[in-house]
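Below you'll find the structure, written out as structure tokens, and then a few comments.
The values are calculated or read from the model by the stated rules, or taken from the named source; none is laboratory data. Everything quoted here is computed from the prediction, not taken from an experiment. Please note: Cβ atoms are built from the backbone with ideal geometry, for glycine as well, and neighbour counts cover all protein chains shown. Heavy atoms of the whole protein, side chains included, go into the accessibility calculation; ligands, DNA and RNA do not. Shrake-Rupley method; radii C 1.70, N 1.55, O 1.52, S 1.80 Å.
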Amino acid sequence: MSGGKDSIAMLLQVLETIPRELVIAHHQIVLEDWPGTVEYCETVCRRLGVPLYCTQATYSGYECLECHHRYLISCATLSIPWCRACGSRQAKYLRQVESVLDLVEWRQAWPSLSVRFCTSYFKRDNFNSWARAHAQLLGDHPVICLGERALESRGRAKLPVWRERSGLKQGWMHEWRPVLCWRRIEVFQKMRAYRVEPHYCYELQGMTQKDMYETDVEGDSRMSCVMCFLKSPEQLRTGYYTQEGRAVMERASAIEAETGHTIQHGHALADMLA
């Protein structure tokens with residue numbers, strides 16, 4: 001549950017399908033999300049009577065003293081530093097990585113469609129670590145329900161409604177995408193039927209009530225991170241010119257200037273915000 005419209009509609013659809021006592025929600029805290037997102041998720045879950053668990057991925061960065069390879073270790077694993085390049089356990093601690101922008105600084109590069117390390121580090125791997133630690137709570141055959149929709153992108157259009165969850169014990173957990181075939185207007189209308197107000201970021205980015213509940217088109221405002229590399233220049237500018245998004249965008253601009261690597265191929269954030 002990210003707090004975005006699709007994840008809320010997914011949760012509502014799950015509650016119509018599965019006994020409420022078998023449902024829990026999990027939110028992965030990302031510091032570049034719109035401020036107040038955690039509180040929004042807490043409010044929605046409290047109203048729906050669904051227990052909510054929140055986790056934030058954190059990593060420790062090291063440099064191998066033998067081969068000087070730099071690497072990250074998840075703080076959730078409590079592992080002893082170990083260099084996969086040469087096998088040495090002699091390492092120097094460099095820094096903590098607690099956010100997407102921390103990770104961009106560490107890698108000196110932005111994520112891309114082919115290397116979406118923001119998703120792998122702060123969403124997929126974070127949830128899998130939490131699931132392993134809470135195996136007793138989740139039971140013998142848990143199902144993770146996801147709010148991805150096929151009409152959002154070509155990549156999501158290729159996703160199956162049901163499959164085994166990767167990165168975990170074989171056969172233990174499966175993925176279910178109950179709103180994969182839904183249209184955007186169906187998502188907003190499902191929320192309205194339950195009187196769940198959408199996250200404030202949609203209205204802040206220019207969506208009207210008519211856009212949400214009456215206009216049957218795809219696209220428009222995204223929730224995601226304030227400075228998500230998938231956003232259009234117009235969406236990035238909108239985030240920059242809001243009080244809520246300004247701090248994230250300013251740090252992103254500073255990192256882009258520092259690394260010399262642009263947020264989108266051939267398009268500098270500084271130029272898009274001008």
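Quick notes on this structure:
- Note on Thr242/Ala274: beta-carbon distance plugged into 1/(1 + (r/R0)^6) with R0 of 22 Å gives a FRET efficiency of 0.85.
- Exceedance of the 28 Å cut-off in Cα-Cα distance is limited, within the set Lys5/Lys231; Lys123/Lys231; Lys158/Lys210; Lys210/Lys231, to Lys158/Lys210.
- In plain terms, the chain from Thr55 to Leu159 could stretch by 34.9 nm, reckoned as 0.36 nm per residue minus the Cα-Cα distance.
- For the range 192-274, convex hull volume per residue from C-alpha positions, Å³: 98 Å³
- Computed over the range 133-208, Kirkwood Rh from alpha-carbon pairs, angstrom: 14.7 Å
- Note on the range 22-73: Rg/Rh from Cα positions, Kirkwood definition for Rh, rounded to two decimals, is 1.27.
- Taking the chain and dividing mean pair separation by its residue count, relative contact order in percent (alpha carbons under 8 Å, at least six apart): 20 percent
- Two-site FRET efficiency, His174 against Glu250, from Cβ-Cβ distance with R₀ of 51 Å, rounded to 0.05: 0.80
- Kirkwood-based shape ratio for the range 120-274, expressed as Rg/Rh from alpha carbons: 1.02
- For the range 8-50, the Kirkwood estimate of the hydrodynamic radius, built from every pair of different alpha carbons, is 11.3 Å.
- A Förster radius of 30 Å, combined with the Cβ-Cβ distance separating Ser88 from Ala135, puts the computed FRET efficiency at roughly 0.40.
- Exposure here means at most 12 other Cβ atoms within 10 Å; with GluC sites (Glu not before Pro) in a DSSP loop as sites, the longest stretch of the chain lacking them is 1-213.
- Surrounding net charge for Trp176, when Lys and Arg each add one and Asp and Glu each subtract one, Cβ distance under 15 Å: 0
- Where labels lie 7 Å past Cα in the beta-carbon direction, separation of His265 and Thr208 in nm: 3.7 nm
- Dividing the C-alpha radius of gyration of the chain by 2.2 N^0.38 Å, with N its residue count, gives 1.06.
- The chain - accessible surface per residue (Å², probe 1.4 Å): 52 Å²
- Taking the chain as a whole, the Cys residues whose C-beta sits 4.7 Å or farther from every other Cys C-beta are Cys41, Cys45, Cys54, Cys75, Cys118, Cys145, Cys181, Cys201.
- With the simple model of a label 7 Å out from the Cα in the direction of the Cβ, Cys75 to Glu21 spans 3.7 nm.
- Between Leu151 and Glu39, the contour length at 0.36 nm per residue exceeds the alpha carbon distance by 37.5 nm.
- Projected over every direction and averaged, the convex hull enclosing the alpha-carbon atoms of the range 1-141 yields 10.4 nm².
- Projected label points at Leu230 and Leu113, each 7 Å from Cα along the beta carbon direction, are separated by 1.1 nanometres.
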